[in-house]
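Okay, structure first, notes after.
Here, each number is a calculation from the coordinates, and none is a lab measurement. Worth saying up front: this structure is predicted, and the values here are computed from it rather than measured. Positions of Cβ are generated from backbone atoms using ideal geometry, with glycine treated the same way; all protein chains shown enter the neighbour counts.
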Amino acid sequence: MSLTKDEVKHIAELARIGVDEEELEKFSTDLSAVLDWISKLEEADVSAVSPMARVAGSINVAREDRMRESDSREEIIRLFPEERNGYDKVKSVL
Amino acid sequence: MIRELHEKLINKEITAQQLAEEYLARIKEKNPQINAYLTITEELALEQARKVDEKINSGQSIGMLEGIPGAIKDNICIRGIRTTAASKILDNYIAPYDATVIERLKEAGSVFLGKTNLDEFAMGSSTENSAYGVTKNPIDLERVSGGSSGGSAATVAADLAPWALGSDTGGSIREPASFCGVVGLKPTYGRVSRHGLLAMASSLDQIGPITKTVEDAAIILSAIAGEDRMDATTAKSAGKDYEKYLTGEVQGLKIGVVREYLEGLEKEMRQSMEKAIEKFKRLGAEIVDVILPYSPYALPAYYIVQPSEVSSNLARFDGIRYGLRVDDEQESGFPADGMPKKLLETYLDSRRYGLGAEVKRRIMLGTYALSAGYYDAYYKRAQKVRALIRQDFEAAFEKVDLIFSPVAPTPAFRIGEKTSDPLKMYLEDIFSVTANIAGVPAIAVPGEEVEFEGKKLPFGFQLSAKWFDEENLLRAAHAYEIGK
């Protein structure tokens, strides 16, 4: 399963990871090799099973949607790469 | 080892502060050589130790873990402490909360010496993918400590902590334990809360102990296991003290051996495994041949499921709310496609410069597998193969109580040996990955050392047990450890 550089570029775009020409080459080689090896899965007869969605066996666990105070507000704000008046300053989203 | 230290504390042979200082001194001396610790939490350790000493001096009785120092893999959050996941993208990240396992260990009175090195975001089998340098194997400095919990395993092996926490998604506790000659336990999926563990693959991750002895692993498990409202995948607490199940007996236990696994090993390694099986026989266990017909598909299925979940879990590292934010002021050459250009560039640049090559590889693999047109062929199919592998285990466990296998094909390899080819590194997990795929608990125990490339090196074997049967798992491992 060989990926073209264009396909890798598209994947990088979806994954929001910037790549240069050299990296595109390397990733295209690496990813193609792995996908090749993974194609072995096509041999398995999966007609009789459903996808394994649950590992531990627990069914949807819910709790009450009750608001509570957070005691880590200051610590979280301190993590913002750029802060202004307690807000996280980012590039324009519009 | 934990029990002995506990006795020393209650007999007042040593104070908790002296114990912590002893380890901190040894860390300062040895860590520059092996790079096991990324952050040493001296102040925190001494403060925690001081509180325990106060308790002892006031005549109060203390629990088994009180005052006992340990190390924590740096993908587990301790509030107020730098937590990097061995990535540049979190170089300056100070965790604003405690992981549930940390809360429980704090409640148990344990002392934290520091955060240990790992492959970046737990992706790797050698700790060579750390953005902060590899952790060298204390037994042979030219070799890797294994991964991704290499720092934790090396820490315990080099006496830089009596116990450590690791995490295991495809073998990341067990393989480094094997490489460093220590014990590593991956609990059943759902046994231990993942809240506060920087998520890698949510249907595979588990936190577990790395220790010198099986008893120590049991003691740590008892402290951290149990239902957590912050992790909906945790199972109801068993409320067990696992160390109480270590009878030293294996009479009546049936241990399944997958002959195919052993046949694939080189002579020295195969002989080490056969000696371990002989010992179990001598101790009174019944050895039964079992087959796991779909196990050849476990590793490829893992390399679809895991990267897919990784691609989703690592989307949050985008330079927006925390961590590294980069703007290299250059055009990335991607179309903005309806999104404000400058915002897109923030994502592209922050992730480009903050994440390492292996992390990017896996995110992209997962993105591809989950993308439109490929989801059915890859992710859905892999999840079906996963169901087949689980069925294999269910069938095997009708005949046996435990399954024996190697942990990895060889002992610790040399630094740099497998870094040029990602696939070569992935194949390290060939024996360990099935336990994560099926969700069963598994433990790595040091077997007979092997002669490899002219060196005598540790080499572990692995036992897996039925879901939620850590009692029999630990009992058998412990019996092997103390038996003759």
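Couple of notes before you dig in:
- Listed by chain and number, the aspartates and glutamates whose alpha-carbon sits under 14 Å from that of B:Lys384, ignoring those within fewer than 8 places in the same chain, are A:Glu42, A:Glu43, A:Asp45, B:Asp376, B:Asp392.
- Prolate/oblate/rounded call for the protein assembly as shown, Cα gyration tensor, a/c under 1.5 rounded: oblate
- Pairs from the list B:Lys28/B:Lys424; A:Lys40/B:Lys360; B:Lys136/B:Lys275 with a Cα-Cα gap above 26 Å: B:Lys28/B:Lys424; B:Lys136/B:Lys275.
- Using the Stokes-Einstein relation with a Kirkwood hydrodynamic radius computed over Cα pairs, the translational diffusion coefficient of the stretch B:350-455 at 25 °C and a viscosity of 0.890 mPa s comes to 143 µm²/s.
- The helix-based estimate of mean residue ellipticity at 222 nm for the protein assembly as shown, built from -39,500 (n - 2.57) per DSSP H run of four or more residues and divided by its residue count, is -12000 deg cm²/dmol to the nearest 500.
- Size descriptor, Kirkwood hydrodynamic radius, that averages inverse alpha-carbon separations across the stretch A:23-69, Å: 15.6
- Across chain B, the longest piece that holds none of the chymotrypsin sites (Phe, Trp or Tyr not before Pro) lying in DSSP loops with up to 16 other C-beta atoms within 10 Å covers B:1-373.
- Within-12-Å neighbourhood charge of B:Asn92 [Cβ basis; K, R +1; D, E -1]: +3
- Positive minus negative residues near B:Thr116 (Lys, Arg vs Asp, Glu; Cβ under 11 Å): +1
- Sparse-neighbour loop sites [GluC sites (Glu not before Pro); the stretch A:37-94; at most 15 other C-beta within 10 Å; DSSP]: A:Glu64, A:Glu69, A:Glu82
- Between B:Glu266 and B:Arg50, the distance separating the two model label sites (each 7 Å from Cα on the Cα→Cβ line) works out to 5.2 nm.
- Here's the picture: charge each Lys and Arg Cβ at +1 and each Asp and Glu Cβ at -1 in the stretch B:249-396, and of B:Leu283, B:Ser332, B:Val310 the one pushed furthest to the positive end of that dipole is B:Leu283.
- Cα gyration tensor category, rounded, prolate or oblate, for the stretch B:227-325 with a/c compared to 1.5: oblate
- Note on A:Glu25 and A:Ile77: with the Förster distance fixed at 35 Å, the Cβ-Cβ geometry gives a FRET efficiency of about 0.25.
- For the stretch B:87-206, average projected area of the Cα convex hull in nm²: 7.2
- Note that the stretch B:1-149 carries a Kirkwood radius of 16.0 Å, evaluated over its alpha carbons pair by pair.
- Evaluated at q = 0.18, 0.23 Å⁻¹: base-10 log I(q)/I(0), Debye formula over Cα of chain A: -0.94, -1.12
- Evaluated with a Cβ-only charge set (Lys, Arg +1; Asp, Glu -1), chain B carries a dipole of roughly 500 debye about its Cα centre, given to the nearest 20.
- Neighbourhood charge, 11 Å Cβ-Cβ cut-off, centred on B:Pro446 and excluding it, Lys, Arg +1 and Asp, Glu -1: -2
- All aspartates and glutamates inside 19 Å of B:Lys267 as judged from Cα atoms, apart from same-chain residues fewer than 8 positions distant: B:Glu278, B:Glu428, B:Glu448, B:Glu449, B:Glu451, B:Glu453
- When both bridge partners sit in the protein assembly as shown, DSSP labels roughly 70% of those beta bridges antiparallel.
- Anchor B:Lys466: lysines whose Cα lies under 18 Å away (excluding residues fewer than 8 positions away in-chain): B:Lys186, B:Lys236, B:Lys240, B:Lys254, B:Lys399
- Whether chain B is rounded, prolate or oblate, judged on the alpha carbon gyration tensor where a/c under 1.5 counts as rounded: oblate
- Eigen-decomposition of the gyration tensor built on the alpha-carbon atoms of the stretch B:315-365 gives equivalent ellipsoid semi-axes of 18, 13, 11 angstrom, largest listed first.
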